2 protein chains.
Amino acid sequence: MPHAPSTPRHPVRLTALRTGLTPHILRAWERRYQVVTPARSGGGQRLYSDLDLERLHLLRRLTERGHSIGRLAKTSLADLERIVREEDVASAIAEPAVGSRPEDFSSAAINAARRLDAAELQAVLERAAVTLGVPGFLDEVAGASLKKIGQDWSEGTLSVAHEHLATAVFRRVLGWILRVYEVNGAGPRLLVATPPRQAHELGALLAAAAAAAEGWEVTYLGADLPIPEILTSARQVGAAAVALSIVYPSVDAGLMTDLQQLRSGLERGVGLLIGGAAASAERERVTAPGVEVVDSLAHFRTALPRLQEQR
Amino acid sequence: MPHAPSTPRHPVRLTALRTGLTPHILRAWERRYQVVTPARSGGGQRLYSDLDLERLHLLRRLTERGHSIGRLAKTSLADLERIVREEDVASAIAEPAVGSRPEDFSSAAINAARRLDAAELQAVLERAAVTLGVPGFLDEVAGASLKKIGQDWSEGTLSVAHEHLATAVFRRVLGWILRVYEVNGAGPRLLVATPPRQAHELGALLAAAAAAAEGWEVTYLGADLPIPEILTSARQVGAAAVALSIVYPSVDAGLMTDLQQLRSGLERGVGLLIGGAAASAERERVTAPGVEVVDSLAHFRTALPRLQEQR
DNA sequence: TATTCCTTGACAATACTTAGACAGCGGTTT
DNA sequence: AAACCGCTGTCTAAGTATTGTCAAGGAATA
């Protein structure tokens, strides 16, 4: 015959083990707050029931999370269970937990790059993208990591090798993201590239991925593309907008001519977005009618729907 | 029955945690503006009510967005809620566009399933996972879609073929997620399975993926697993916890025996979580010392870190 | 006999309290 | 501009409350 849950049968030692408390705490709680009142053996030793165990277990959980034992002491078992459940939902809103915060991913990525561990870097980036979602990943991990790497590189903490390895892996991951969003015929078309003499393509890839995640159909053409090629391609795919990334600070006469040529070669309704470090730095020179300079990925994202409507 | 929302019961540090403020700020706000007037314990310590928490939470959100606390201090709860709503509408610019909201993905998924288009279903699910991030995907797309599919199936709108196709694709996508999070040696281990005579494994897979995204190293064993197998495996991989999914409403004597056997076969420190429709429905029968019933994925997620700490 | 458990009283570590001070920020006035 | 000012978050110091931990001496248990 199975015993009733109120049958006293567990000695202190076992009770402590099962509830995660110590015998000392059990006695202190009983002495001070009459949290439970265990039965006694013939010789006066405590014997706890299943119900006591349950109660004590819940109390431990709640006190660990910040409730005060003094206040919880007189609460009924049913109420304790209710509170625990409420706490669970309430705290679900609260924290994203260490290990899956954007910063954690960034630093893990930079460490991997520093160790020249391409496989680990890729794994970290993929995990970040899948955990945070592409928009969050691009804004808070990819952007931040690239910035940090560039910074460390210019400070001499990272070598060219590190930078190349990181570039290769980022290209792979961003390419993967682009592929996931490849889709037939939906969404407006965006052409992404880097103008002549601009070899850094990561910014462009970042923008391409961001646009893809926003539902655009992105044609990514890579770095250092002659203006006529851009024009032809834009016409061919029926682009609703063209986005260029400019990183090198040499915003030279050639570049300005290129931009003018590009703008006048594109149809009226086709938007032209220029982003990247150099674009922000020389915003006044680059800005022109029909040319929008974007300072950040977030800015880029908000500029996109506008272009779509203009068609 | 002490459950009026105005019952004071939360000490300062809990209140700080729940509202995202710090104890310092709580006291400063009270001292300067009488934002709230918490009750006091016998010894003079603050005790906040649920209503206080609600109010403080709203105040934090609004001050973060630039409102001044001095101005908001005397505003009623109802007015605060109204202001927050208005703000939300105003900032709707930042709202995800149509096409990348959870509902859009769910309905696209169900349409694909209805058309028996496995490739499209898989593409939609992958895009959803990558756009929303795995936690969001599991909570708002996978969970919802499966529920809808099950519902349509029981209504006769979807055939067994549809249901099997969907199961196959979901299994593939969830498996992909599990693989992305595969990682060597980090994190506590979780064993996920379905007990004997429980054939529906999608719930278990969902849980497995959620745990993986939280940093657990998950060993997924699939459906209909004999208890001794579970025990051996748990010991072999050194599991910190075991999670089971129970869907069929037949919580029969066999199942109860199985659970008892499982619980007593597991070491003390190893947590045991039971989830799924049947578990929630028969929560009282299933609950036992050392066995925790979880009602939802969100609940499951919050239960996990606890198990980790208990080790 | 060796170990575990009992009670009581004390102590130490946290956590919380108040009152006050200070620094950064945005806006205003000189 | 420069100086000023109110608002707000943060910190300190000194005292109180709460709670975990321990010790001593005796009793029960195996």
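Overview of results
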item	result
Some residue of region A:217-231 being within 14 Å of chain B (Cβ to nearest Cβ) and free of Cβ contacts under 8 Å to residues at least 12 places away in the same chain	no
Single match in A:L146, A:L158 (criterion: away from DNA strand C (no atom under 16 Å from the Cβ), away from chain B (no Cβ under 11 Å), crowded, with 17+ Cβ neighbours inside 10 Å and in contact (Cβ under 8 Å) with a residue 60 or more places away in the chain)	A:L146
Near pairs, Cβ below 6 angstrom, 6+ apart or cross-chain, from region A:119-134 (at the interface with chain B (Cβ under 7 Å from one of its Cβ atoms)) to any residue that is outside any helix (DSSP H, G or I) and not basic (K, R)	A:T131/A:S100; A:T131/B:G133; A:L132/B:G133; A:G133/B:G133
Of residues in region B:266-311 being assigned to a helix (DSSP H, G or I) and acidic (D, E), the one nearest to the other protein chains (Cβ to nearest Cβ)	B:E309
Residue match in region B:212-230 (condition: closer than 30 Å to A:F105 by Cα, of a type in the set (S, T, Y) and within 21 Å of the chain's Cα centre (by Cα))	yes
Positions within region B:174-187 being crowded, with 21+ Cβ neighbours inside 10 Å and more than 10 Å from chain A (Cβ to nearest Cβ), in sequence order	B:L174
Count - residues of region B:41-66 that are near DNA strand D (Cβ under 9 Å from one of its atoms) and more than 20 Å from B:I83 (Cβ to Cβ)	5
Qualifying residue in region B:20-40 (condition: in contact (Cβ under 8 Å) with a residue 12 or more places away in the chain, more than 11 Å from DNA strand D (Cβ to nearest atom) and under 22 Å from A:D79 (Cβ atoms))	yes
Lone unmet requirement of (1) more than 10 Å from chain B (Cβ to nearest Cβ); (2) surrounded by fewer than 18 Cβ atoms within 10 Å (Cβ to Cβ) for A:F170	(2)
Qualifying residue in region A:248-263 (condition: modelled with pLDDT of 90 or more and closer than 19 Å to A:G187 by Cβ)	no
Residue selected from region B:24-53 under the condition within 12 Å of DNA strand C (Cβ to nearest atom) and either within 21 Å of A:D88 (Cα to Cα) or within 28 Å of the chain's Cα centre (by Cα) (or both), by the criterion nearest to the other protein chains (Cβ to nearest Cβ)	B:L47
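The values are calculated or read from the model by the stated rules, or taken from the named source; none is laboratory data. Note that the structure is a prediction, hence the values are computed from the model and not measured. FYI the Cβ positions are ideal-geometry reconstructions off the backbone, even for glycines, and counts take in every protein chain you see.
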